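Down below is the structure, laid out as structure tokens.
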Amino acid sequence: MFRNQYDTDVTTWSPAGRLFQVEYAMEAVKQGSAAIGLRSKTHVVLACVNKSNSELSSHQRKIFKVDDHIGVAIAGLTADGRVLSRYMRSECINYGYTYESPLPVGRLVVQLADKAQVCTQRSWKRPYGVGLLVAGLDESGAHLYYNCPSGNYFEYQAFAIGSRSQAAKTYLERKFENFTGSSRDELIKDALFAIRETLQGEKLTSTVCTVAVVGVGEAFNILDQATVQALINEFEISGEEGPTNESVAEEAGGESGGAATEEGGAATEQETAPMDI
């Protein structure tokens, strides 16, 4: 049942200096459906894969609006993500009421990381089993952060979390140097291409993904399905094979890497806990 004698309590260190319960929480993030974020100087785009338990059920929400200038995308336990997004929303309201100005994105991320860290140091609590991509815009510009269940946080130009996210990371690593000067539509296009990489051959439609945008002159908003489908159709007409039209060597390497990713993705799907949406 247990991995070893050191993983029964979140406050118990192993001789190797590891906290296994925290690592298990980080593993829960990898089993959730993929979420992607990327930013330019003026905009941040979040995108996620919608996954339902069965054909008869609807999918769980994966992107939440926190404030007009902040939103989050989650991967892992959606219940934990919902609780944390509500906490973030409350912090934004309290800060706005007290100081009559929007809460800086970096400060909110630090508060969220501190809240997650407490759960790694109390025996009567468990770590949050969810990773959050926090997108926001403040006086210092556009920001994209990743909050980890361990209490760590990192700022990224582009990042992907969740199951089969490695394929999206590979695409983002090839393109990230162009993101800084990208327009809003170009960011959305790259986000959709990255999402498509995680689908492992499944057709990309507006029903299997959600896209949200925040930027200069644009409050955080989740695009409706009709808008997303129109963008997908437009980008496919302009060249669906755009992201993969690299050199022959890269294509060969991508195919071998894709096969390995597919095998890993299949194994991950089999191990996914029922509560991970």
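Within the stretch 51-62, count every residue that is open to solvent by 20 Å² or more (accessible area, probe 1.4 Å) and either basic (Lys, Arg) or under 14 Å from Ala212 (Cα atoms) (or both).
Count: 2.
Filter the stretch 93-116 down to the residues that are part of a loop (DSSP other than H, G, I, E, B) and open to solvent by 50 Å² or more (accessible area, probe 1.4 Å), then identify the one that is farthest from Ile74 (Cα to Cα).
Filtering first and then ranking leaves Glu100.
Of everything in the stretch 161-181, what is among the charged types (D, E, K, R) and not in a loop (DSSP other than H, G, I, E, B)? Give them in sequence order.
Hits for the stretch 161-181 are Lys169, Glu173, Arg174, Lys175, Glu177.
Please enumerate the residues belonging to the stretch 32-64 that are assigned to a loop (DSSP other than H, G, I, E, B) and among the small types (Gly, Ala, Ser).
Gly32, Ser33, Ala34, Ser40, Ser52, Ser54, Ser57, Ser58
Just a yes or no: is a residue in the stretch 69-92 in contact (Cβ under 8 Å) with a residue 40 or more places away in the chain, part of a loop (DSSP other than H, G, I, E, B) and open to solvent by 50 Å² or more (accessible area, probe 1.4 Å)?
No, the stretch 69-92 has no match at all.
Assess whether Glu177 counts as being free of Cβ contacts under 8 Å to residues at least 60 places away in the same chain and either of a type in the set (Lys, Arg) or farther than 26 Å from Tyr24 by Cβ (or both).
Yes, satisfied.
Please indicate, with yes or no, whether at least one residue in the stretch 15-31 is open to solvent by 30 Å² or more (accessible area, probe 1.4 Å), assigned to a helix (DSSP H, G or I) and of a type in the set (Lys, Arg).
yes
Against the definition (among the hydroxyl-bearing types (Ser, Thr, Tyr) and surrounded by fewer than 19 Cβ atoms within 10 Å (Cβ to Cβ)), how does Ser165 come out, yes or no?
no
Confirm whether Val45 is at pLDDT 95 or above, closer than 23 Å to Phe179 by Cα and buried (at least 19 other Cβ atoms within 10 Å of the Cβ).
Spelling it out, Val45 is indeed at pLDDT 95 or above, closer than 23 Å to Phe179 by Cα and buried (at least 19 other Cβ atoms within 10 Å of the Cβ).
Taking the condition aromatic (Phe, Trp, Tyr), part of a loop (DSSP other than H, G, I, E, B) and under 19 Å from the mean Cα position of the chain (by Cα), does Tyr146 pass?
When the stated conditions are applied, Tyr146 does not pass them.
Please go through the stretch 1-58 and pick out each residue that is more than 12 Å from the chain's Cα centre (by Cα) and small (Gly, Ala, Ser).
Ser14, Ala16, Gly17, Ala25, Ala28, Ser40, Ser52, Ser54, Ser57, Ser58, listed by residue number.
The values are calculated or read from the model by the stated rules, or taken from the named source; none is laboratory data. These figures come from a predicted structure and were not determined experimentally. Reconstructed Cβ throughout: ideal geometry from the backbone, glycine too, with neighbour counts over all protein chains shown. Heads up: the accessible areas ignore ligands, DNA and RNA and are worked out on the full protein's heavy atoms, side chains in. Shrake-Rupley method; radii C 1.70, N 1.55, O 1.52, S 1.80 Å.
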